[in-house]
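**Q** Below is the structure I would like to discuss, written out as structure tokens.
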Amino acid sequence: MTNKAQLWTAEDMYRFARENKLGFNLWGAWLQKLHFKIVAESLLDDEYAVSSFIGRHTDYDDDEGEESDGGQVDPKFFNTQGYYAYIITNENRLVYARWRPFFHKVSSIPLNDIKNIEPITHIIWGHVRVESLGDNFSVFWTKNVVRRIAKRIQEGVSDIKNNQMYGGYQTNAPMPGSSQQQQPMPEQTAEPKVVYDTSTMYEKLSSAKLSMEEGLITAEEYDEYKERLLGRK
């Protein structure tokens, strides 16, 4: 029997997401690891993570913000439900959770139940909409992270439809026990639409600068965002 406590700890899940640029928590690693701890504790016997990522979660019923071209509502940084931990498991489940004092929330979706995965990106931010037979939600973060997350989920669903066991991905730092690798996933090239959120200018610039320092966006993308925000372009 797989020893989950030894092989698939919250630390492992967090490290995998960070080293593969699949999101991070602005409020600190300690808090994000608590989210992953809830995920780890919910796993079944012999179930373990093959991929993990971090983002800000929004259920469709809680979406607020400006409408996109398709008539749907775009989530933004401060109207999401907060940071969540997400993993895809060898049992072909997408499991996600959030830790809060005295109240923990954990949910899961069989990959086979996912009907649609739609990444929507703008100049800096973006989100991926996940529609299933049960829960419908969005994962919000920077555009490059969103694209990587969408491809992780898409390839997992594709494996299921092709009657393949989920095999993992080529990464910078594989999770413990992972042996199979796939080719790196190409980035999407669709032209982004500029949408600004309703937070203060200082908060926008601070979060964008931190994203640049973490390597999630380039210095050129940060400068372009700052110029647009200040009305210079």
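**Q** May I ask you to say which residue of Asp59, Asp113, Asp74 is open to solvent by less than 10 Å² (accessible area, probe 1.4 Å), at pLDDT below 95 and touching a strand residue (DSSP E or B) at 6+ places or on another chain (Cβ under 9 Å)?
**A** None of the others qualify; the one that does is Asp74.
**Q** To continue, here is another question. Which fully enclosed helices (runs of 4 or more DSSP H) of the range 1-42 have 3 or more residues being under 19 Å from Val146 (Cβ atoms), at pLDDT 95 or above and open to solvent by 50 Å² or more (accessible area, probe 1.4 Å)?
**A** Passing ranges: none, list empty.
**Q** Could you give every pair whose Cβ atoms fall below 7 Å, whose first residue belongs to the range 17-43 and is free of Cβ contacts under 8 Å to residues at least 40 places away in the same chain, and whose second residue is of a type in the set (D, E, K, R), counting only separations of at least 6 or pairs across chains?
**A** Listed pairs, sorted by first residue: Lys33/Glu11; Ala40/Lys4.
Conditions tested, residue by residue: (1) more than 15 Å from the chain's Cα centre (by Cα); (2) under 24 Å from Gln81 (Cα atoms); (3) of a type in the set (Val, Ile, Thr); (4) at pLDDT 80 or above.
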residue	(1), (2), (3), (4)
Glu118	no, yes, no, yes
Trp141	no, yes, no, yes
Arg147	no, yes, no, yes
Glu155	no, no, no, yes
Met201	yes, yes, no, no
Tyr222	yes, no, no, no
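**Q** Another question, then. Which of the residues belonging to the range 121-139 are hydrophobic (A, V, I, L, M, F, W, C) and within 13 Å of the chain's Cα centre (by Cα)?
**A** The answer is Trp125, Val128, Val130, Phe137, Val139.
**Q** State all residues of the range 77-99 that are under 19 Å from Leu22 (Cβ atoms), of a type in the set (Phe, Trp, Tyr) and surrounded by fewer than 24 Cβ atoms within 10 Å (Cβ to Cβ); if no residue qualifies, say none.
**A** Phe77, Tyr83, Trp99
The values are calculated or read from the model by the stated rules, or taken from the named source; none is laboratory data. It should be emphasised that the depicted structure is a prediction, and the values quoted were computed from it without experimental measurement. Don't worry about glycine lacking a Cβ; one is built from the backbone with ideal geometry, like all the others, and counts go over all protein chains shown. For accessibility, only protein heavy atoms count, side chains too; no ligands or nucleic acids. Shrake-Rupley method; radii C 1.70, N 1.55, O 1.52, S 1.80 Å.
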